[in-house]
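Here's the structure we're looking at; comments come further down.
Read the figures in this text as sums done on the coordinates, not as results from a lab. Keep in mind the model is a prediction, meaning the values are calculated, not measured. No Cβ is skipped: glycine too gets one built from the backbone with ideal geometry, and neighbour counts run over all protein chains shown.
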Ligand code: 9MR
């Protein structure tokens with residue numbers, strides 16, 4: 001046990017263990033034994049069933065194996081900056097996770113030093129790391145209103161916006177084609193408080209291309225990498241303040257429209273940045289309904305950025321960790337009832353390396 005791999009990881013391990021082993025058998029047509037694993041992976045629309053190598057609920061059993069024993073993929077976000085500098089972290093991540101999401105290294109800010117320039121040094125390192133450690137790779141993210149380098153604002157306009165976006169998607173998705181399990185093609189396109197008239201989150205891509213930028217991005221990604229699962233990733237879907245409800249409705253409408261238009265979209269990422277002190281705003285029944293609507297659209301569901309903000313929780317560490325573990329358990333036990341949920345990703349693996357501590 002490494003000294004930084006603190007209680008939180010163990011708590012997550014125990015809460016996830018009890019969840020992935022509790023009452024979800026019905027939803028797991030994917031449930032596979034080691035010998036069945038390779039047969040099933042081809043038949044389940046790209047779902048990869050990883051063999052379970054140990055007994056679930058045994059705390060020494062890696063999270064990825066406990067998840068795999070129920071047909072789930074478990075992964076975490078990590079970044080070049082810390083993974084390349086901290087071998088302990090890299091080893092634990094590879095040991096626990098079946099899937100790696102580069103937290104920042106595939107964003108425009110990292111990949112695009114200039115209009116006609118790409119810098120793949122960090123993204124290649126991450127892709128090689130995933131391959132060497134036998135982890136699936138999940139790309140995040142091709143189109144987002146944030147993390148854009150300064151030149152984008154200065155050199156992109158209505159005239160060249162679509163060409164720049166499509167060229168970026170083609171170049172990046174093509175480079176990693178065959179190695180990418182899934183791509184977050186578009187991230188956070190719906191406003192925090194959407195209205196029927198205007199559901200869109202302000203974004204330069206919206207200004208330059210119009211609402212069709214979402215569909216155009218998916219088409220470009222599919223052309224560049226026909227094998228990868230293409231995901232629409234969104235925040236603010238876990239809670240049920242009134243604006244949370246409006247957001248779910250707007251997201252469902254977007255997904256329905258994309259499906260109706262024949263856009264190549266395969267799943268939805270529900271980010272799930274939970275807030276430990278606001279868990280009463282999580283309403284299980286509302287979430288069940290939302291998940292079912294997504295499933296009815298024949299879309300796979302990823303819990304794509306799971307973590308719990310604890311800044312408003314009590315100072316006492318044991319109490320705090322108990323509440324955090326409870327938040328994970330309350331949330332995941334509802335989420336995992338839904339058969340369309342295939343993948344759980346935590347946004348990091350250690351409190352020492354999380355955006356919350358920045
Ligand atoms: O965790 C990421 C942090 O290190 C970056 O500074 C930030 C801006 O690029 O993005 C964070 O990750 C975000 C993710 O890309 C999209 N969903 C919200 C995540 C937390 O802000």
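Quick look at the numbers
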quantity	calculated
Order of 188, 312 - criterion: other Cβ atoms within 10 Å of each residue's Cβ, fewest first	312, 188
Distance from the stretch 231-249 to the stretch 136-212 (C-alpha centre basis), Å	19 Å
The stretch 56-203 - percent relative contact order, Cα under 8 Å, separation 6 or more	20 percent
For peptides 208-214, 177-183, 66-72, sequence by mean Cβ density within 10 Å, most packed first	66-72, 177-183, 208-214
Descending Cα extents along the principal axes, the stretch 51-188, whole Å	58, 30, 24
Beta bridges per DSSP with both ends in the stretch 238-358, % antiparallel, nearest 5	0 percent
Taking the stretch 141-225 and dividing mean pair separation by its residue count, relative contact order in percent (alpha carbons under 8 Å, at least six apart)	44 percent
